[in-house]
1. What list of ³J(HN,Hα) couplings, whole Hz, do you get for the stretch 70-79 from phi and the Karplus terms 6.51, -1.76, 1.60, once you set θ to phi - 60° and write x for glycine and proline?
2. To the nearest 20 debye, what is the magnitude of the charge dipole of the stretch 347-468 about its Cα centre, counting +1 on the Cβ of each Lys and Arg and -1 on the Cβ of each Asp and Glu?
3. What residues qualify as long-range amide H neighbours of Gly290, i.e. H under 5 Å apart, gap of 5 or more or another chain, H built at 1.01 Å from N?
4. Using amide H atoms built in the peptide plane, which far-off residues or other-chain residues are under 5 Å from Asp231 H to H?
5. Arrange the peptides 57-66, 177-186 so that the one whose residues have, on average, the most other Cβ atoms within 10 Å appears first.
6. Jot down the per residue volume, in cubic angstrom and as a whole number, of the convex hull over the alpha-carbon atoms of the chain.
7. Sort 233-245, 201-213, 413-425 for me by packing, meaning the mean count of neighbouring Cβ atoms within 10 Å per residue, highest on top.
8. For each of Phe122, Phe352, Phe293, count neighbouring Cβ atoms within 10 Å of the residue's Cβ, then give the residues from fewest to most.
Amino acid sequence: MKKLLGTVLGLALVFPAIAQADLLKNLKTSGQVDVQGVRVNNLDSTSGTMDRFGRTHTRLIWGASFDLLDDVMGNVTFTKTDRNYGTGAQSVTGVEGVALVNEANIQIKNLGCVDAKVGRQFYGNAGDMVVYYGPSGKPSDSTTPLGVTALDAVRLDCTHARDYLGNGGSLHLFNGKVTDASNTADTDTDVRGLSAGWKLFGLAWVADLYERRLGSGVLKADGSGNAGRLDDDLWVLRLKTKGDVGMVKGMTWNAQVALNRGTNGDTNGSGTITAGDVDPATGPVPQYRGWAFLGNVAHKWNWNKVGGVNWGGELGYGSGNVPTDPVSRPVTNTFAAIASDYRPGDIYGGHFGGLTGGFNPAGLSNRLIYNAWVSLNPDRWPKLTATVQGYKFHFVQGPVVLGVQEKNIGSEVDLRLGYKHSDNVGVGFSYGRFYPGAAIIHTIAGAGGGTVQVNPTNRLGTDLTVRF
Ligand SMILES: [Ca+2]
Ligand SMILES: [Ca+2]
Ligand SMILES: [Ca+2]
């Protein structure tokens, strides 16, 4: 009751006009607080240069949904993820300025043959290799911990999908705007997609088709499409499936493959189409031709009188560019995602984003990454889970250092101890160590004239998550 009263007061403050109306009909609230402390040393892999840092970061996510009308629901999610410990008290107006409305949408039931969701919203699943907008489970880089992304979009979920696709069938499409760059020129970035799910041969299948389009903004003088710059128009077609390994009880597998098509008008990846990109008047603009695969197996079994033992492995591959002249061979072979959230490894996936040198860890573009893990949930302490996970990271096409192409980025071992206090409260402790491979060692050593000592990176982490 106390919680409800607090919520009502909070909403009345935020939406005074609506609060006077029938706002609180079927009000549902949910929230989450994450507190993540890390201590990292030698992130630059160079032992001669002292670097280490400690940080405790908090993220708050708080959402409410309520009926606006009988068949129309409102949905609001606030996120606040700006604050580290030790940065002083925030004023109430200061909090106001950093509490972002990352979801604000209305949902209309049975609008014709669809359920519609209109407005700012999250999309996809955390960790997805192709597209995800939402609260991330990992720091997006060293200085932007626990970020949250969202998309302004219209999403339509077909209410008769089962009639067309059978039991377990689903079908939705969405059309969103990532950046509204101009009201006069066609320079916006739009994302749209279509997703269908069905069951066949005892397997669950999902087919997705996504398009991300960045307008060139240049008017085509003769309407032929050849005068002026070309749009950056990325298409990703993906097929996902999962099932059980029939012969082994408790073993499951997942697999997905994605293909790129389209025109790489933003050839230099700057986010705008300008003179730095390939001009179709002087040479052919590259076509997107990358592809990626991600597959894993997991096995659960019970070790008599010891506890539950889970283990698994995962392999990810995303094609890399063949380093040839883009004019003589106008193809971009590097796999391109819409908005990838695939970031394996607590160090590699969590902290390498801010580093220079091409080691951006988001996604499977130009990467071969595999990992294996085993965890124990002991009968004697059922709230505890201990996990060890090892990773290997490679470029598909690596940087050329001193005349040699180097593909080995490095390897990582993460040890994690989780304590599940209840369904809504969890605590975690982790230790990770990243061992730099030849691509890092030789890049650093080459830049330092061969005299620089290269050493592993270490990370200690504590995590608290409370859902309410
Ligand atoms: Ca160092
Ligand atoms: Ca616009
Ligand atoms: Ca560009």
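A short reminder: the numbers here are calculations on the coordinates, not readings from a lab. Every value quoted in this text rests on a predicted model; they were computed, and no experiment measured them. All Cβ positions, glycine included, derive from the backbone under ideal geometry; neighbour counts span all protein chains shown.
1. With coefficients 6.51, -1.76 and 1.60, one gets 4, 10, 10, 10, x, 9, 10, 10, 9, 10 Hz.
2. 160
3. Long-range HN contacts for Gly290: Asn260, Ala336.
4. Result for Asp231 returns Ser216.
5. For the peptides 57-66, 177-186, the packing ranking is 57-66, 177-186.
6. Considering the Cα atoms of the chain, their hull volume per residue is 205 Å³.
7. The packing order, highest mean first, is 233-245, 201-213, 413-425.
8. Phe293, Phe122, Phe352
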